Amino acid sequence: MPELPEVETVCRGLRAALVGCRLVRVTVRRPDLRFAFPKRFAERLQGRRVVAIGRRAKYILAELDDGAIWMTHLGMAGRMVLGSGSLNEVGLHEHVTIETDDGQHVRYIDARRFGFMDLFPKAGLDAHPRLAGLGLEPVGADVAPLTGPVLAGLFAGRLAPLKAALLDQRLIAGLGNIYACEALFRARLSPTRIAGTVTGARAARLAEAIRSVLEDAIAAGGSSLRDYVQTSGELGYFQHSWAVYGREGEACPACNCDRRVTGGINRLVQSGRSTFFCVKRQR
């Protein structure tokens, strides 16, 4: 599933291309994705001008000139791909196509159809069932910085493993499995440590690691595992910088642990998800 850096990268591509443009033709080729499209979705979207494009957690939020919000979630395999000029053949999994008044088009492609779109008044943004209850944003120019004391406050009294706490969207919004693993490695903290023990210097290291790994991933255009691409159709590049994720059995890149003793980078399953870490470095 695209995580925060991938969604932020898509938002930036869409923002640069679509803000100020009018959506002159909207084609929806099926009644639903993960959920049904809102009633009269194409009709209500068509003719509107895009005022702004932002992100909340893993949700893309486009503000329109009539005060509505067009929300998109990419699900497991969704793509938003920009193009210009005449439309070529429509692909098998191209479910939505949007054309603009300056000759651009956006194709929403989703082979697994786990993504979805919604359209609702901006006044209902904070109360939207997909957004209500989300935790703090870990990165962004318009959000309060994630600091050690803030992180320690979120984890205070929590007996859950640290990795599980990091993935709790009610605490930190948008952080997913890949970047939780990478942040814990940078912070030298075990994924099995009790979350409530992360205070002081540990919390400061982890807050810095979360911010830095997300910012580095955004700068690299995100990570491409299977389906994710940027709006240009290019792959992200951060997967080449992973220290531990997907590297079970390999040597730790940051310490001198003996692979014959430790087994190299370890993998364990937490809440049904793979966690990768170094048993010597991360405590």
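The values are calculated or read from the model by the stated rules, or taken from the named source; none is laboratory data. Everything numeric in this text was worked out from a predicted model, so none of it was measured. Here Cβ is always computed from backbone atoms with ideal geometry, including for glycine, and neighbour counts include all displayed protein chains.
Annotations
- Scanning region 65-117 for residues that are in contact with a Ser or Thr (Cβ under 6 Å, 6 or more places away or on another chain) and of a type in the set (Gly, Ala, Ser) gives a single hit, GLY103.
- Qualifying residue in region 165-173 (condition: without any contact (Cβ under 8 Å) to a residue 24 or more places away in the chain, of a type in the set (S, T, N, Q) and out of contact with any Ser or Thr (no Cβ under 7 Å at 6 or more places or on another chain)): no
- Filtering region 7-16 to residues that are out of contact with any Ser or Thr (no Cβ under 7 Å at 6 or more places or on another chain), of a type outside the set (S, T, N, Q) and crowded, with 19+ Cβ neighbours inside 10 Å leaves VAL7, GLU8, CYS11.
- Selection within region 37-52 - touching a Phe, Trp or Tyr at 6+ places or on another chain (Cβ under 9 Å) and part of a strand (DSSP E or B): VAL50
- Within region 84-93, not a single residue is assigned to a strand (DSSP E or B), modelled with pLDDT under 95 and either of a type in the set (A, V, I, L, M) or buried (at least 20 other Cβ atoms within 10 Å of the Cβ) (or both).
- The listed residue being under 28 Å from VAL279 (Cβ atoms), in the same structural domain as PHE238 (by TED's automatic domain parsing) and in a loop (DSSP other than H, G, I, E, B), out of LEU159, LEU154: LEU159
- Scanning region 193-234 for residues that are surrounded by fewer than 17 Cβ atoms within 10 Å (Cβ to Cβ) and farther than 19 Å from LYS58 by Cβ yields ILE194, GLY196, THR197, THR199, GLY200, ALA201, SER212, SER232, GLY233, GLU234.
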